[in-house]
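Remarks on the structure that follows.
The values are calculated or read from the model by the stated rules, or taken from the named source; none is laboratory data. On a predicted model such as this, the values are computed, not experimentally measured, just so you know. Here the Cβ is made from the backbone with ideal geometry for all residues, glycine too, and neighbour counts use every protein chain on show. The protein model used for the area step is the full one, side chains on, heavy atoms only, and it has no ligands, DNA or RNA in it. Shrake-Rupley method; radii C 1.70, N 1.55, O 1.52, S 1.80 Å.
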Amino acid sequence: MRPSTRRAMVLTATTALASSLVPAASSAAPAAPAAPAATTAKSSPGFNLTVEPLWSGVNERLTVIGELYDSKTYRPLTGRSISLQARNVGSTTWRTVARPETNSNGAFSVSLTADRSKTYRAVYSGNAWYTGRHSNWERQTAKPGKWVRTTAKPVATSNGGTKVTGRITQLVANPTRPLRYVNVHIQARQAYGTYWFDAGSTKTNGHGYFGWNTSVKPSACYRYRAIYKGNSNGWAAKSTTAEWSNCG
């Protein structure tokens, strides 16, 4: 017989003997309370924010657009209350400027006036299933000057890449007055991405048109932003976002 088996038999016998010497209890001891069930961990939502135009003239209208969604399934989170906040450039104090609610696509839109340069963010307080989350910050630059119109559109190139095309002109002019040979900055953001990154730059031609090429395929569904930052000749800044029509 192995030592471990012999030791187990001795312990069993000793336990049985000890039990026979203990008087029987009048009643069974109450059962220990069950351990509480483990709390289900909350999910962290995805949240992004875009200000359009990101650069503008003073007193132009702005549109702030946000998207709230499940970060794992990309399912839109509908009917959620959002606090849109802003703070002046140079300040540390956030102020709530609107309280929109997400629609059936998990999106919201707020119209504001660019009275000065500000930073914007959106805040979701969370619920029983999702943790609270704030979006990325977007700094909107408002400069004085003659208002400008900027257009942008992504088109597929023959080599499978993407070309962002557009034009920059004076907003109110008859006939149309193009802004010639001015710098245009291009930013890009991945589908469901939170942050924009600098992708490149180009210049307008003699008629105010521009074109910027990238090898990124249209199927990647990147979003692009064309930014004109104004100049010293009295022209205000302007930017616009370009999206693929077949990308949700």
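What number of residues within region 107-116 are part of a strand (DSSP E or B) and over 16 Å from the mean Cα position of the chain (by Cα)?
3
Could you tell me which of the residues Gly193, Gly166, Gly208, Gly160 is more than 19 Å from the chain's Cα centre (by Cα), among the small types (Gly, Ala, Ser) and within 20 Å of Thr50 (Cα to Cα)?
Gly166
Looking only at region 213-236, which residues are crowded, with 16+ Cβ neighbours inside 10 Å and assigned to a loop (DSSP other than H, G, I, E, B)?
Val216, Cys221, Tyr222, Lys229, Gly230, Ala236
Tally the residues that are under 15 Å from Thr240 (Cβ atoms), modelled with pLDDT of 90 or more and of a type outside the set (S, T, N, Q), restricting the search to region 161-173.
Residues that pass the stated criteria total 4.
Within region 174-187, take every residue that is more than 15 Å from Tyr228 (Cα to Cα) and in contact with a strand residue (DSSP E or B) (Cβ under 9 Å, 6 or more places away or on another chain) and give me the one that is modelled with the highest pLDDT.
That would be Arg177.
Take the residues in region 69-106 that are of a type in the set (A, V, I, L, M, F, W, C), touching a strand residue (DSSP E or B) at 6+ places or on another chain (Cβ under 6 Å) and in a loop (DSSP other than H, G, I, E, B), then tell me which one is most open to solvent (accessible area, probe 1.4 Å).
Here the answer is Trp94.
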